[in-house]
Structures are given as C-alpha cells and as structure tokens.
1. What are the pairs with Cβ atoms under 8 angstrom where one residue, in the stretch 251-277, is hydroxyl-bearing (Ser, Thr, Tyr) and the other, located anywhere, is surrounded by 17 or more Cβ atoms within 10 Å (Cβ to Cβ) and in a loop (DSSP other than H, G, I, E, B)? Sequence gap at least six, or different chains.
2. Counting only residues that are in contact with a Lys or Arg (Cβ under 7 Å, 6 or more places away or on another chain) and modelled with pLDDT of 95 or more, which one in the stretch 293-314 is surrounded by the most Cβ atoms within 10 Å (Cβ to Cβ)?
3. Residues VAL298, VAL268, VAL280, VAL333: which one is β-branched (Val, Ile, Thr) and over 26 Å from ASN219 (Cα atoms)?
4. Taking the stated definitions as given, is LYS238 out of contact with any Pro (no Cβ under 8 Å at 6 or more places or on another chain), open to solvent by 50 Å² or more (accessible area, probe 1.4 Å) and either more than 24 Å from GLY326 (Cα to Cα) or in a helix (DSSP H, G or I) (or both)?
5. Scan the stretch 332-349 and tell me whether some residue there is in a strand (DSSP E or B) and open to solvent by 80 Å² or more (accessible area, probe 1.4 Å).
6. Applying the selection to the stretch 97-119, what residues are over 20 Å from LYS137 (Cβ atoms) and either aliphatic (A, V, I, L, M) or modelled with pLDDT of 95 or more (or both)?
7. How many residues does the stretch 210-257 hold that are of a type outside the set (S, T, N, Q) and farther than 19 Å from ILE156 by Cα?
8. Can you list the helices (runs of 4 or more DSSP H) found entirely within the stretch 125-205 that contain at least 3 residues being farther than 18 Å from LYS112 by Cα?
Amino acid sequence: MVPLPSISIFTFGFLLLFLCSSLAEQQQFAVDGKVLELDESNFEAAISTFDYMFVDFYAPWCGHCKRLSPELDKASVNLAVLKQPVVIAKVDADKYSRLASKYEIDGFPTLKIFMHGVPTDYYGPRKADLLVRFLKKFVAPDVSVLNSDSAISEFIEEAGKHFPIFIGFGLNESVISHLAVKYKKSAWFSVAKDFSDKTMEFYDFDKVPALVALHLTYNEQSIFYGPFEEKFLEDYIKQSLLPLVLPINQDTLKSLKEDKRKIVLTIVEDEDDERSKGLVKLLKAAASANRDLVFAFVGFNQWQDFAESFEVSKKIKLPKMIVWDGDVEYFSVIGSDSVEDEDQGSQITRFLKGYREGSVIQKHIISDDYKAFRNSMFLIGALILVLVVILVSMMMQSVKEEPSREQVDHPGSSTSLSEARGALRSGDKEDKID
C-alpha cells in the first residue's frame, strides 16, 4: 500500500501542474489588445476560448496582407475593451496548409469572423476605424430594444452607415427575432417601444406597427406596414438589404452574391456626370415599382473591365441597359439597347416591359479568362504577322543580292554568302526568342 503522505504529495503535484497549465493557456489567450499569432497547435483552443474572434488568414509574401497588418493592430486595441470583446488573430495560411484547407482559404488575405466557433466570411471595410464599427455589430444583441427617442438616435449613430438599419415601431420583438438572427451579418435590427409623434413625423410613418428600413449611405428610407407574417416580412427585409439603385464596384459587387433576383444593370459613361445622376433618380423610381428586380449602375470610366464584359466599348453609345443574372448570362431587350437623352423615364418603362414580355436576346458575358485568351490570340497573331514580314523582307533581300554560280564558286564570294546565311539563321533565332 502506498503511504498516505505519498498520495498527498502526488495529488498536490498533479493539481499544481494542472493549474500552471491552465494559467499558461489563459496567459497565451489573454485579451490585452494585441493580435494573436495562431498555428495548428492552438487554433482550435483559441476559437473555443473566445465567443467572438476575427481571423486574418494571410501569407507573408502577400502585399495586401502587409498593408492590412497595421490596421489590425490598431483595431485590436479598441475591440478588446468592448463589453463583449472581439479578439483579432492571424494565421500564416501559406505555412499551415491544413488549417487553410479546413477553412477553404483560396486567396490572401481571407478574413473570417468566428462567432461561438462558427466561421462567417468577412467582406467589410479594412481600415481600423471602420473595421471596429463593423465588428461591433456582431457582438450587439440580435434585436435592440429602444425605449425612447434618444435611444433611437443613439442606436442609429452607433450602427453607422455601412449596414441597412431596420426599426420596428410598435412591433413586438418576437416578430422579427428569427429573421434578425438569420440576417444579422447583413443588417441592424431593433424595435422601438416608446417614441414621440415627432419621431413618427421624422421617419415619415403615420401608423403602427411599421417597419422602417434606413440606408444612410444612400440617404434612402422605406416603410413596411405589413402583413407581418414571416414570408412577407422576409421578402421585405431581403429586398431592403440593398439600396434602390446599387452603384457597382468591387466592394458592392460582393453584396449581390446572396441575392437571387435578376439585376437591371445600366452602364453609363461616367457615373459622376450630372446626366448620369439624373438617370439614377429615374432608375430609383422604377426600382420602387419593381422590387422583384435589383437595379444597379456602373460607370465605364470607373470600371472599364467590368463594363466590357457586356460587349461595351468606347464606340458603343451609352447609357446602355441590360438584365444580368449575376453570373454568366445577360439579356438585351430588343429595340432598347441604349437610353437616349430625351424622355428617359419612358425608355426605362419600355425596357422593363420588353424584358417581362420576353422580347430579349440571351447572351453570355465575356469572362476575364476569355478576354485574356482573346488578347493573347491577338498578340500571337500580331507576332506571326511581324515574323512573316521580316522573313519575306530577308528573302527578297537575299534573292536581290544572291551571286551567280560563277560568283559562288569564287573564293572571294564564298565568305559573303556564308555571312548572308548566318544572318538569316540569326534572324530566325531572334524572332523565336521574341
């Protein structure tokens, strides 16, 4: 039998070792405003330790990753002091390939938010101040309850401009809670219990319950008075996640990813031009009456490569309207290829009518791969043409200067013929190198 003192010493040593191990792990994952550097040995433990963790999967050679790193350092300090802290971590996904494979990392940097261990792709801003504002919403309640006019104002200010804001005036929290969870990564949700007539006037609704959707970035607002069954409510929320007319750029294009509606895309010459701004106002009116479609516009001068995917060039008359499926197919409406300067509202109406009646020509976008292939074929063709011209010129020069048989047999002429052949062989080699 083992003596009792020996058991006590053994047990005490084991407990001490366990406590030291736990303390070391806590120190390893301390919320101190510093960015954690994780690897395959501690990644799973880290996402189990924190409710909210923002992870940068990077590669040391990636230029975008290097520019992002100091922004994460600055954001980490502010996110650590939140009531519900968000911890920022980094993983060298180029080195730790098993983690990269598990979380489907196919480009750098790839950013993900782990909420209670569950990853969600992050497509938001990357500047430190905007990143902090963006991530704060993920630790906020699914539905905020607002009990005064001042609480409503504070909620809107805190939410910022990067997401649409839904406020249910006189609406029970349980009515939207399920959808608020479902669309939490895309919008802010709240219900206002107490509010004044002044607030009703400010948000332009005259009865309750009313669900108000705000797009502060685009200075837009819409109101839904029901019915508040989930199907109708979800349709309204999905349609209101985007502004009436979405300006297309590399960031906003990502927001179309989960929207299954067809996109009425208007390609203008320059989106900053006053005529383009006037056209966008008319498109907003059309969008209000056609919520089953997404309306968007892009400037040829702002994003030429994207516009050229739809057979648009500097020679094509703009504005041009098409209906795009968000993937590889789009439709031109017969007789409504371009929008003239006069009576544009009627032309938009005619375009939509033609589309709905099926008076369309189905086409495929010119993909980047195809454009690269087309450009490479053009380059190869140009090189072949240059090569032919050079060879023909050299052959003509050779025929012109070729000596007679008697001259060939003459010792003094053999050197010059040899040099001519050498020059021709040299020319062939240089063309192949080019």
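1. Between residues of the stretch 251-277 that are hydroxyl-bearing (Ser, Thr, Tyr) and residues that are surrounded by 17 or more Cβ atoms within 10 Å (Cβ to Cβ) and in a loop (DSSP other than H, G, I, E, B), the close pairs are SER255/LEU241; SER255/LEU242; THR266/PRO319; THR266/VAL339; SER276/GLU269; SER276/PRO319.
2. VAL294
3. Numbers: VAL298 fails: over 26 Å from ASN219 (Cα atoms); VAL268 fails: over 26 Å from ASN219 (Cα atoms); VAL280 fails: over 26 Å from ASN219 (Cα atoms).
Exactly one of VAL298, VAL268, VAL280, VAL333 is β-branched (Val, Ile, Thr) and over 26 Å from ASN219 (Cα atoms), namely VAL333.
4. Values: out of contact with any Pro (no Cβ under 8 Å at 6 or more places or on another chain): yes; open to solvent by 50 Å² or more (accessible area, probe 1.4 Å): yes; either more than 24 Å from GLY326 (Cα to Cα) or in a helix (DSSP H, G or I) (or both): yes.
Answer is yes for this residue.
5. Filtering the stretch 332-349 down to residues in a strand (DSSP E or B) leaves 332-333, 338.
Those left that are additionally open to solvent by 80 Å² or more (accessible area, probe 1.4 Å): none.
For the stretch 332-349, residues in a strand (DSSP E or B) and open to solvent by 80 Å² or more (accessible area, probe 1.4 Å): absent.
6. Quick first cut of the stretch 97-119, residues over 20 Å from LYS137 (Cβ atoms) only: 97-110.
Across the stretch 97-119, the qualifying residues are LEU99, ALA100, ILE105.
7. Restricting attention to the stretch 210-257, the residues satisfying the condition of being of a type outside the set (S, T, N, Q) are 210-216, 218, 220, 223-238, 241-248, 251, 253-254, 256-257.
Remaining after also requiring farther than 19 Å from ILE156 by Cα: 225-236, 238, 244-248, 251, 253-254, 256-257.
Final tally of qualifying residues: 23.
8. Values: elements: 128-139, 149-159, 173-182, 197-202.
Correct list: 149-159, 173-182, 197-202.
The values are calculated or read from the model by the stated rules, or taken from the named source; none is laboratory data. Note that the coordinates shown come from a computational prediction; the quantities given were computed from them, not determined experimentally. Here the Cβ is made from the backbone with ideal geometry for all residues, glycine too, and neighbour counts use every protein chain on show. Ligands, DNA and RNA are excluded from the accessible area calculation, which covers all protein heavy atoms including side chains. Shrake-Rupley method; radii C 1.70, N 1.55, O 1.52, S 1.80 Å.
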